[in-house]
Amino acid sequence: MSSTRLVTLLGAAVRHQRHLRDLSQRRLAALAEVSQAAVARIERGERAPTIPVLERLLAAMDVQLVVGVEPLDAHLDARIDDLAARPIAERIDALGLDELLSRLPDFPKVITGGTAALVQGAPVPVDGLEIALRWQDSKPFTRWLETNYGQRWNARWEEFGGVRLEPEEPGEHRWSTLYGEIRATMCDELPETIEVRHGERSYQVVPLVELELTEPRAAELLRRYRARQQASGS
């Protein structure tokens, strides 16, 4: 686990406990005798709290930190094993894929990334819809985001919101919406696809072999899945 990920996890834990108790950052800061700005930076993962400060923050909420170790990225292996035990239709339903696709405007789009791997049967962890869109369709996509409570990922603050929606604006092509998260690859021409059918639904997806060549994130998940298969003798 990288130090950056650990800082993010600690900040998320503090924020989660604070929300459970309906405390404001200002109130928690007063209880723990730290500044409100320090609490904000810790929760955003911008600042690694010292052990004494972390203990005071948690103690102010009547909880304490429990430290443990696990194999590197064991959480990914656990999610892969869990997904592998489920039927493909159940994995697709859990993602809310069909509803999100049906809600998007009727412009050409291609399923790519981890979502394409999932549709093709690979039990890889996916948290949102990954699609390829043409730049010429960016304006209707932006209008759809505006009407469906879209918020763009703000890499500076490590949260959604606070930046302009338009794909043309600098930043990650990642949005939260009323119907789920969307990650978009903007391109001049859509990639070649294959058709995959599940029940009565048809999906246009980037083939697995192409994903492994062009999508580093999806390729890493596929390699991890295959390593799990080999380790189990499947």
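From the list 18, 5, 41, the lone residue that is without any contact (Cβ under 8 Å) to a residue 12 or more places away in the chain, basic (Lys, Arg) and surrounded by 12 or more Cβ atoms within 10 Å (Cβ to Cβ) is 41. Of all residues in segment 184-203, those satisfying the criterion of being in contact with a helix residue (DSSP H, G or I) (Cβ under 9 Å, 6 or more places away or on another chain), surrounded by 13 or more Cβ atoms within 10 Å (Cβ to Cβ) and either outside the structural domain of residue 96 (by TED's automatic domain parsing) or closer than 12 Å to residue 109 by Cα (or both) are 184, 185, 186, 187, 191, 193, 203. At least 3 residues being more than 30 Å from residue 6 (Cβ to Cβ) is the threshold, and among the strands (runs of 3 or more DSSP E) wholly inside segment 68-181 those reaching it are 129-134. Once segment 127-150 is narrowed to residues that are closer than 22 Å to residue 200 by Cα and of a type outside the set (D, E, K, R), the residue that is modelled with the lowest pLDDT is 128.
Residue pairs whose Cβ atoms lie under 8 Å apart, sitting 6 or more positions apart in sequence or on different chains, and linking a residue in segment 122-144 that is over 16 Å from residue 189 (Cβ atoms) to a partner that is of a type in the set (Val, Ile, Thr) and assigned to a helix (DSSP H, G or I), are 123/80; 124/80; 125/80; 126/115; 128/115; 129/115; 130/115.
Can you confirm whether segment 50-72 contains a residue that is modelled with pLDDT under 90, surrounded by 12 or more Cβ atoms within 10 Å (Cβ to Cβ) and outside the structural domain of residue 189 (by TED's automatic domain parsing)? Lay out the reasoning, then the answer.
Going residue by residue through segment 50-72, those that are modelled with pLDDT under 90 are 65-72.
Now narrow it down to the ones that are surrounded by 12 or more Cβ atoms within 10 Å (Cβ to Cβ): 65.
Those still in the list that are outside the structural domain of residue 189 (by TED's automatic domain parsing) too: 65.
Within segment 50-72, one or more residues are modelled with pLDDT under 90, surrounded by 12 or more Cβ atoms within 10 Å (Cβ to Cβ) and outside the structural domain of residue 189 (by TED's automatic domain parsing).
The set of residues in segment 1-54 being under 16 Å from residue 157 (Cα atoms) and hydroxyl-bearing (Ser, Thr, Tyr) consists of 4, 8. Residues of segment 128-160 that are more than 26 Å from residue 92 (Cα to Cα) and among the hydrophobic types (A, V, I, L, M, F, W, C): 135, 155, 157. Within segment 42-51, the set of residues being under 26 Å from the mean Cα position of the chain (by Cα) and farther than 16 Å from residue 17 by Cα comprises 46, 47, 48. For segment 208-227, give me each residue that is touching a residue at least 24 places away in the same chain (Cβ under 8 Å) and within 19 Å of residue 127 (Cβ to Cβ). 211, 215, 217, 218, 221, 222, 224, 225, listed by residue number.
The values are calculated or read from the model by the stated rules, or taken from the named source; none is laboratory data. Note that this is a predicted model, so its numbers are computed, not measured. Quick reminder, even Gly has a Cβ in these numbers, built from the backbone with ideal geometry, and neighbours come from all protein chains shown.
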